[in-house]
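One structure is given here, and the rest of the page talks about it.
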Amino acid sequence: MPMRGSVAEYHYEHADVDDWRNWLRRAPVSYVGQSDAYGEGKATQGWSVSRVVFRNRNRAVAACQIQERRIAGILVVSRVHQGPLFFDSNPSPDVVLGVYRALRKGWGRLWTGPLVISPALVDTPENRKILRLAGYRKRSDVAVQSALLDLNGTEGDLFARLSSNFRNRCRKAEKAGVTVDVSNSPEVIDWLVRNNINTLSAKNVFANTVEFYQAVARAAGDDFFVLRALHGDEPVGGAIFLRTGNTTKYEIGWRCPKAHNLYLGYALMWNAIKEARRRGAVLYDVGGLGDAGGFTRFKREMKGREYQLIGDHIGFDLPDTPSLRLIPSQIGQFAALAIVT
C-alpha cells in the first residue's frame, strides 16, 4: 500500500519555550539538537530558533526545533539538528511522511531559504524512501552513530550490565586515587571547554566555544552538569553532559596527557551514568561511535544499544511558475552549504 502522509492532514503550532521540555519528554528518545538549551547556545553563533509541535488533525505527533539564520532580517537558511522527535516509539510511515512534508512546507521554500536537516530517523531503506517522497535530497553520508543505555534498575543492575573489563577498570581508577565531583560553575565550564578546544584545535577539529557552553548551561539548569576527575587535589580531566527529554548525553571531554594510566574515562562515564539516573534520565547516550579507535572500543564496553541515523538532507522548493521554473534547486543547496558549513 502506498504511503499517504497528506500535508493537508498535518499542521504545526509554535510552542512556548516554557512548555518545550514537557513536549520533549513525550518522545521515547531525544537528541541534544532539539534541546531548548542547545538552541540558546546556537544563539551565540548567530542563529535564532523556532519550536513547533506537529499535529495530525488534532493529535500531537511530533516536535521540532528549527534553527534559523537571518541576514538583514531576511531568513536565508534553516537547520534542523536531529529532529523532528516523534511521540510514538514506532510511528507509522504515513505519520513520518506527513510530518516531514509539513516541515518542508513551512521551511525550505523560496521565501524561507533552504532547509538543511539531519533527521532523527534510523538509517533504513524505508526511511530513505520517506525522505525522498517528502522532497528531501541527500547532502552527506556522514551520520550520527552512537549507543543508548537503559537506566532502569538499581545502581547494581546498571554496573552489572557493563562489560567485565569496564567494571574492572572502574575499580582500578578508584584504587589509583581518582575521585569525581559534580559542578555547574562557570569557572569549571571555562576550564574544561578551553582544554577541549586546545586539544581539538591541534587536530584541526571544530569545537564549540566557551560562550556556547556557558549559554547552554544557563538555559539548561539541572539538565546540564560537568564531572571533574581529580587525582589528589589536582583536576586531571572532565566531561560535560546534557539532558534532552528523557535522554542524557555525553557532550565533550578532556584528559590531561599525564593521566593516561589512571582510567579516567571509565570513572567519568560510570559516574555520569549514576548522575544521569539520579537526575531522572531514562536513557544515557554514550555520545558517538563510528571510528576504529580506542575511544569507540571503550564506549562499546558499556554494552549500549547501538543506532545510526540518516545523514544530512536538504529540502528546497521553488514555486512552479514560468519565471522561476528554470532556476535549479541546487542554488539553494549551494547557499545552504555556504552558511551552514
**Report entry** Derived scalar couplings ³J(HN,Hα) [the range 81-91; Karplus, 6.51 cos²θ - 1.76 cosθ + 1.60; whole Hz; x for Gly, Pro]
**Finding:** 10, 6, x, x, 9, 8, 7, 8, 5, 9, x
Query - Residue-by-residue Karplus 3J(HN,Hα) for the range 161-178, coefficients 6.51, -1.76, 1.60, Hz, glycine and proline x - result: 6, 6, 5, 4, 5, 4, 5, 4, 6, 4, 5, 5, 4, 5, 5, 6, x, 7
Query raised in the report: What ranking of His14, His231, His81, His260 emerges when the number of other C-beta atoms within 10 Å of each C-beta is taken as an exposure proxy, fewest first?
Result: His14, His260, His231, His81
Report summary line: Any chymotrypsin sites (Phe, Trp or Tyr not before Pro) in the range 173-218 that lie in a DSSP loop and have at most 11 other Cβ atoms within 10 Å would be Phe206
Report task. Over the range 146-307, calculate the relative contact order: mean separation of alpha carbon pairs under 8 Å at least 6 apart, over the residue count, as a percent. Result -> 37 percent
Query raised in the report: Dipole magnitude of the range 146-307 about its Cα centre, charges +1 at Lys/Arg Cβ and -1 at Asp/Glu Cβ only, in debye to the nearest 20?
Result: 580 debye
Report task. Within the set of other residues whose C-beta is less than 14 Å from the C-beta of Ser89, count the net charge using Lys and Arg as +1 and Asp and Glu as -1. Result -> +1
Query raised in the report: Given H placed 1.01 Å from N in the peptide plane, which residues other than close sequence neighbours of Gly83 have an amide H under 5 Å from its amide H?
Result: Ser118, Ala120
Query raised in the report: Where does the range 146-307 land on Rg/Rh, using Cα atoms and the Kirkwood Rh?
Result: 0.93
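Rule-based calculations on the coordinates, nothing more; no lab input. Predicted model, so just to flag it, every value in this text is computed and none were measured. Virtual Cβ from ideal backbone geometry, glycine too; neighbours counted across all protein chains shown.
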